[in-house]
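Written out below as structure tokens is the structure these notes cover.
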Amino acid sequence: MGLGITNILIVSKYETKLLVRGWFFKVFAFLAVFTAIILGAIYILTQFPQPEVVNRSVIPYMFLLIMNVGQAVVSVFLASEYLKRDKQLDTSEVFYTRPLSNAEYLIGKMWATLKVFFILDFAVAMIALIMSLIKFGFALDYLSYLWYFLLLSVPTLVFIVGLSTTLMLILNNQAITMVILLAYIGVTLFYIDNLYYYLFDYIGFNLPMLKSVVTGFSGLSRLINHRMCYLLLGIGLILTDVSLFHRLANSRYSLLPWRIAAAVFLAGGLYAGYRHVHMYKVDEKYRADMVELDNKYVHIGGAVARSCELTVTQSGDSLSVRADMTVSPKEDASQLVFTLNPGFRINSITAPGHSMKYERLMHLIILTFDATLPEDEPLNLIMEYGGMADERICYLDISAEKLIENVKALSRLNVGKRYLFQDREYTMLTPESYWYPRPGVAYSDQSPEWQMSYFTDFTVNVTPNPGLKPISQGLCTANEDSTSYSFKPESSLPSISLLIGDYNPKSITVDSTLYTVWELGHWDDQFEVFDSIRDTVPYIIRDRRRNMEYQADMAYPFKRFQIVEVPVQFTSYKRVWTSAYEQLQPEMALVHERGFDMREFQFRNMKRSWTGRNNWNRRNNNMSEKEILVNILINSINFMMQSGNMSGSSRNGQWTMTQVDNPYFYRPLFYNFRYNVYSSDWPMANRMVESMTAENNARNNNWMRRMNGLSEDEKALILMGKYDFDRIMSDPEWEDLADNALELKTKDFFAPVSVAVGYESLVDSLSAKTRERAFANVSFDSILDWVQSYSGISLEDKIEAWNGTAQLACYKIGTPQITTVTTDTADIYQAEVTFENISDNPGFVNVEFVFYETENAGDEDKPTSMMVSVGPHETRRIVTHWFNIPSYIRVNTMLSSNLPHEINLNNTDWSTFEGTELTAEGVYNVRGGVDNTLPGEIIVDNEDSNLFSLSRPLRTGYLSKWIDKAKEKKNEFMYEGFSDWRTYSQWTLVTDQNLYGDYIRSAYLISPGDGGQYARWSIPLEVAGVYDVYYYAAPNMYENNNRNRRWNNNNNNNWNNNNNNGRRVTNDYNFEIGQFNTSDHVSMNMWRAEEGWNLLGTFRFEADTVRVTLNNRSGIRIIVADAVRLVKRER
Amino acid sequence: MSISIKGLSHYYPNGKRALTDINLEIPSGMFGLLGPNGAGKSTLMRILVTLMEPTEGQIDVCGYDIRTQRKEVRRILGYLPQDFRFFAKYKVREFLEYAAALSGMTNSSQRGKAVDEMLEQVGLYEARDRYAQNLSGGMKRRLGIAQALIHKPQVLVVDEPTTGLDPEERIRFRNLLSEASSKDTTIILSTHIVGDISSSCTEMAMLNQGQVLFRGSPAGMLKETEGKVWRLKVTNEQYAEINQKYAVISTIPHGLGWDLQVVSKESPGYDAVSYPPNLEHAYVYFTEIRDKE
């Protein structure tokens, strides 16, 4: 084999000269350095806020990640260019006849390519380093520069250079090689993502690589294995090239060792790839085995832990724990099942006074007693265990796909996911890690029993490694030399956490509550910035706390609140049975180190940003530094009062807005960690009571509905009408809708009671009832019993119908009537609204009479909303009396298929009458149903599939057909969103309360065009005669931005636009109205159209079908095809 | 013998036969390999310089087996390919240094000295910092011979070196080769230009359609051609007839007819007179007449 390093270096030296002299490389190198400088200038040298974690250790990641993508592409070109040159030019042959070996020549060439890119990477990293040094001084994580170079740049380059030369040698065609490789890179960047656990991500573009300042990389060994896979494959391919190279070897057998070496490296790379997938598969299998075991034991030996004293001793990486517990069986039992992290080895389990055997099966501990333990009988247990916690037990209920999903922070950085940490320097064990024994199983997909949690009286004693501080819930006392600590919560808690690290506390006591911020490490004191407003901080905290308590309508229940920093990789998941995320624990919030991805906790940056902004706007804004700091503190506390953020995503060209929960939303601190309603049969019991008694997040706003096409509630209803409730609750695809489904279901569950006693009254009483028992376990059965005694209504039927497909009702809503009756004392306004349930299912409607000024309602105590039950094919009228006309009536149709599901009936559209007598207030059964049509009137709506038709879409290409088909398949919800700026190339179905419809108020939209697209209403006439033809317009919905123009238009009657062809087009809708083969052209100026029916003209028709056709030739932004009405004129 | 070729045959993957049973002994000095385009010269050259593996046969270069001892062969070999024009972006000196380094001249100061001497020798010293691709055709060819000679090879293989050069450059180039051959180097000069052989080679072989038609000295080749060259004067009609039957190698207008030189084993008639042959006549005799017998 005899590899001559000298020859390799010679080849590399001269080939490098060639590379750097090529314009392609010059341009790329210039761009790379230029981009690095610009990036550096933006991220580091300007006021652009940047998390401290990034400044310390992640800057090289950002820089090298961007660089890596660029060089992956460029190196493909350069590597293949090399061989192309070799093939065509005779000058290469004079080198081939030299005595160097093929390996020396090829490796020299490859090394030249790698070398220039490595130097470029080094230059980019140096730019980042120098700029970081200028900005932040020497407190940087220098090793991270080396780590990211080794993990990102080296394997990527070696692999892509090896692959491109191999392909080039095999295909012998540079163009094909380039196309294949660029496609491969494109697929890697834009499609592959986490496929096969990121196996194919050779660039490391999606691979989670973010480095915590505290705990470093997450899963470093897996990361190294993944990168080794590509490094070895790359080397293997380069060695393969030695054999493929088109030059006779120096001797007949000289290639054999290279072939063997190539095979070894390729096999090594493949093995690393296999190992990568295998490690995940083993984990998945392990998790599946745990679930299987859980399923087996889910029904056996349930118990409640009354008290639990945990004595923890940290020794190096390992923990040893003694748990002194008092548990009570939930029913007579001879076996009890506990869950403990499977990484912990049990040393002993004893139960004084009881003869007992135990078995450890993965994460389960099965205690078997000789005698049956009676229900609720206290049992003392002492468990001693220790070792290293295993992360695989966390989130057994979350799918493997979800677990592997990437977390992207700061728009591109890929953060690994960690659920627990345990090493010598840092330990974080939240309840999800099962770091202490808990009765019951961890998860079961066959019974919801495992979801139950109960309040326990905890005590935690900790002896940490020297120099480290422990954090847990409760009052902390330390021994004299601060080597061991004890935590005693004042009340029972649903769970307890333990964090041990180099924590640096800052505390303040306000109104006898201790507020502590625990910063990890001593590298950057964020809270130092507030030193100058130290005197003001208590006032701000007091004020914000009052605000929060007012909003929650509850007092903060704990004696302390701690913000505890945790490594950036800490992640949690939404659970349907609780609104609490793992980030919030009783008394504490776990926040990423230095507020990594949360601006609200990056105090130093926020100050920099605000000060910069202040300086920028100095003329208008003269905030002092103290005012800025006060604002920053208020902002960060207010962050906990936001239930979530809007997040937009695009799928199949359809833009969807969703509300992403804020895991730090304060409610669990006030509610979930204080109240617990449990039920073995009803895992959702606690969540149901919570959704009834705690204030609801405003999930359904109209703007979101417009954007998404349907509100979250409506989407949930569509799913509830199709699928079993359990499935909706458990399918990760619909997790965003689970809350809505649960709230809708809960309201429907309690609806009979709401009808009887009033919704508000029920909520108030239920809240009061729940709050009687803080920090205690309350059974759901007792709540149901109370409901029955309180309202006289049994909810047994509802319980039986809980799971299964929802039986959706369907309502026609009558036009509200207002009758003014003048009495001796005042004018009374009698408001009436009628509902007809046209379905076979019973349902409820919630009706709210809204007054813009609340005092207008008259009687303060009179409820303005009421819930009404409407049976199948039943029509009910609500009659109410008011001192003023309600501004509008908000109708929520609960479990129904009405779209929109909630509508506002504005008083401008109501029928008004003068009357002399009042009908008594109440709900009346009415005969004959709701009929909003007048005599002699015929209406055809777009929902009438027999009488309404649309032109075919213009696009006929196979690809677009395929995309359309895929889109259709994926869209569970049929209706699309509407936005002013979107182009609708084909007729698109939308719903809105301003549109016309019996129970689905929908219409089709299309962007204007050449008139080739049309919508047609075919109206069968039985009687010949003269008819007025009306068109239903809803300018309020789609002409928001044209309101001002409409106003202008009134002053300037000749408002025209030019269309794309330069032809003058008007803002008219263009109709053809006629019978048989003749028609008349009618246009309607939409900027002058009124809401509702607009007269198109009067025509004489025979007793045959009338065709009204609307085409898409117009200058207006959007064309809406909704409903047409014909009204016969009396002679 | 410097180079010994025995039973050499070569077939291309498409089955086309490039060389058939070549047997040659090539001594030190300048050896000419003459033959028309497509005769197999370049294939033979490429096999000799280890760029191709022959299908059959045995070749020893200075005692090294070309199949099993390629590295040794390459160490003593210099090669100037046929179309030596396209350079990568190297300066003249860099290119030569690279070639020298790859030939085993690892000591950089010695290498630098050798490179400068060689540049002086081929008259490119003044152009040493110019990019090679910017040199004239003749200069490029000189750079080519410089890279082939830089490591003082025992065997120098030069393929069609003078094609496309102007007469002055051609003479200069031949002199360079002659100078090299005087240093106990075996030089194989492959060419289809007869003048290259006649002016510099003492030994030669003639190749056509992959076979050796002649092996000997240029004088020997002339001798074999004696009595086969004829001169005659003919009319237009007679010229057409002669041209169809014989290999006409010279036609000069003469009054109303033509003064012709014809290569033929026997007299073509028309009062043809025998004419003393030169190498060009010999070349035509061997390729057009003997080879077709």
Peptides ranked, highest mean first, by Cβ atoms within 10 Å: ranges A:1007-1014, A:426-433, A:676-683: A:426-433, A:676-683, A:1007-1014
Per residue of B:136-147, count partner chain C-beta atoms within 10 Å of its C-beta, then hand back the mean as an integer. 1
Largest first, please: the extent of the C-alpha atoms of the stretch B:139-278 along each principal axis, to the nearest Å. 59, 29, 25
State the dimensionless ratio Rg/Rh of the stretch A:167-317 (Rg: radius of gyration of Cα atoms; Rh: Kirkwood radius). 1.19
Chain A - mean residue ellipticity at 222 nm from DSSP helices (-39,500 (n - 2.57) per run, n ≥ 4, rounded to 500): -11000 deg cm²/dmol
At 15 angstrom or more along the helix axis (alpha-carbon based) and mean Kyte-Doolittle of 1.6 or higher, what helices does chain A contain? Whole DSSP H runs only. A:23-40, A:154-171, A:174-187
Given the -39500 (n - 2.57) contribution per DSSP H run of 4+ residues, what per-residue ellipticity at 222 nm results for chain B, rounded to the nearest 500 deg cm²/dmol? -9500 deg cm²/dmol
Between 0 and 90°, nearest 10: helix B:167-181 axis offset from chain B longest Cα axis: 60 degrees
Would you work out if chain A is rounded, prolate or oblate? Take a ≥ b ≥ c from the square roots of the eigenvalues of the alpha-carbon gyration tensor; rounded if a/c is under 1.5, else prolate when a/b is larger than b/c, oblate otherwise. oblate
For B:L207, what residues show an amide H to amide H distance below 5 Å, using hydrogens built from the backbone and excluding near sequence neighbours? B:L34, B:G35, B:L213
What does the average come to when, for each residue of peptide B:62-72, you count the partner chain Cβ atoms lying within 10 Å of its Cβ? 3
Considering only DSSP beta bridges where both residues belong to the stretch A:545-644, give the percentage that are antiparallel (nearest 5). 40 percent
Inter-chain shielding metric for B:48-55, i.e. average beta-carbon neighbours from other chains within 10 angstrom, reads 3
Output the antiparallel fraction of DSSP beta bridges having both residues in the protein assembly as shown, as a percent to the nearest 5. 80 percent
What translational diffusion coefficient, in µm²/s and rounded to a whole number, does the Stokes-Einstein relation yield for the stretch A:749-803 at 25 °C and a viscosity of 0.890 mPa s, taking the hydrodynamic radius as the Kirkwood radius over Cα pairs? 208 µm²/s
Looking only at lysines whose Cα falls under 28 Å of A:K135's and that sit 8 or more positions away or on another chain, we get A:K211, A:K408, A:K506, A:K607, A:K626
Lysines near B:K113 by alpha-carbon distance under 21 Å, same-chain residues fewer than 8 away left out - which ones? A:K13, B:K91, B:K140, B:K152, B:K183
Rounded to the nearest 10, the angle in degrees between the Cα long axis of helix B:92-102 and the longest principal axis of the Cα atoms of chain B comes to 80 degrees
Highest-MSF residue in chain B out of B:P54, B:P218, B:P167 [GNM, Cα springs under 10 Å]: B:P167
Rounded tilt (10° steps) of B:236-245 against the dominant C-alpha axis of chain B: 60 degrees
Pick from B:M118, B:M204, B:M30: which residue has the top mean-square fluctuation in a GNM of chain B where Cα pairs under 10 Å get a spring? B:M118
Taking the Cα centre of the protein assembly as shown as origin and charging only Cβ (+1 Lys, Arg; -1 Asp, Glu), how large is the dipole, in debye to the nearest 20? 7100 debye
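FYI, it's all coordinate maths here, none of it is from the lab. Note that the structure is a prediction, hence the values are computed from the model and not measured. No Cβ is skipped: glycine too gets one built from the backbone with ideal geometry, and neighbour counts run over all protein chains shown.
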